[in-house]
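Right, one structure below, let's go through it.
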Amino acid sequence: MFDTERYYCEADERLCRKYNIPINIQALYDVIGTSLPVDETVLFPEESTRKEGMALVQRSYLDSLEEMCLNGVPLKPGLMELLDALERASIRKCIATSTDLYRTNRLLKAAGIFDRFAFVQTGREVKRGKPYPDVFLKTCEKAGVSLDEALILEDSSNGGLAAMNAPIDYIIIPDIKQPIREVAENALFVGDSLFDVIDYLNL
């Protein structure tokens, strides 16, 4: 829904560059869509700057969240139109995310769409995060729907793997990285924007 991962990663890279700290930004991309912590030794290969680098990343994360909540949350193209279309069709919407509840709720409220979802289920509230299917299974259980009644919209390979492992039908609208081959081949389709979801569902 939100184009936050790109925002966070670019902010991390800018801040580390400002302080001349080498950062392997690919390490952040690799954990997008999961609840897994980034490997500090991979993110900051140079041990001498690792502690300072991790402190900068944490600072960047908090600063970026505040900036987005203050100046506007970057929305993925077609989000508002998709929400409108789903509501016209009386289709319930839930959020199943690897992001913690505090940050998720802040972003939803800042974007003005907090009340447009039935509930939020986070990966922090289940035993295993994505790419395990636990967060999706818990969401279906809480929503009272069977797996074959649900449809998942995902933007990462890890999220796609979680949907496959459920198994639940899913659509991929890629974020920073294109999905891995296995995820792309098993998706209903891989689209360019959320407008494609409206067309696919004939809403």
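The values are calculated or read from the model by the stated rules, or taken from the named source; none is laboratory data. It should be emphasised that the depicted structure is a prediction, and the values quoted were computed from it without experimental measurement. Note that each Cβ is placed from the backbone with ideal geometry, even for glycine, and that neighbours are counted across all protein chains shown.
Observations, loosely collected:
- Selected residue (criterion: surrounded by the most Cβ atoms within 10 Å (Cβ to Cβ)) from residues of region 134-165 that are modelled with pLDDT of 95 or more and assigned to a loop (DSSP other than H, G, I, E, B): Ala150
The rows are residues; the columns are (1) at pLDDT below 85; (2) surrounded by 15 or more Cβ atoms within 10 Å (Cβ to Cβ); (3) under 21 Å from the mean Cα position of the chain (by Cα).
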site: Phe2; (1), (2), (3): no, yes, yes
site: Glu5; (1), (2), (3): yes, yes, yes
site: Cys16; (1), (2), (3): no, yes, no
site: Pro22; (1), (2), (3): no, no, no
site: Val31; (1), (2), (3): yes, yes, yes
site: Thr34; (1), (2), (3): yes, yes, yes
site: Leu43; (1), (2), (3): yes, yes, yes
site: Ser48; (1), (2), (3): no, no, no
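- Test: Ala96 is more than 26 Å from Gly144 (Cα to Cα) and touching a Phe, Trp or Tyr at 6+ places or on another chain (Cβ under 9 Å): no
- Qualifying positions in region 166-203 - part of a helix (DSSP H, G or I) and either of a type in the set (Val, Ile, Thr) or in contact with a Lys or Arg (Cβ under 9 Å, 6 or more places away or on another chain) (or both): Val183, Val197, Ile198
- Scanning region 102-127 for residues being in contact (Cβ under 8 Å) with a residue 24 or more places away in the chain, part of a loop (DSSP other than H, G, I, E, B) and over 23 Å from Tyr61 (Cα atoms) gives a total of 3.
- Per the conditions (1) in contact (Cβ under 8 Å) with a residue 60 or more places away in the chain; (2) closer than 24 Å to Ile168 by Cα; (3) part of a helix (DSSP H, G or I), the sole criterion not satisfied by Pro131 is (3).
- Residue match in region 29-42 (condition: touching a Leu at 6+ places or on another chain (Cβ under 8 Å) and in a helix (DSSP H, G or I)): no
- Comparison of Ser60, Ser98, Ser64 shows that the only residue that is in contact with an Asp or Glu (Cβ under 6 Å, 6 or more places away or on another chain), under 21 Å from Leu28 (Cβ atoms) and either free of Cβ contacts under 8 Å to residues at least 24 places away in the same chain or buried (at least 17 other Cβ atoms within 10 Å of the Cβ) (or both) is Ser60.
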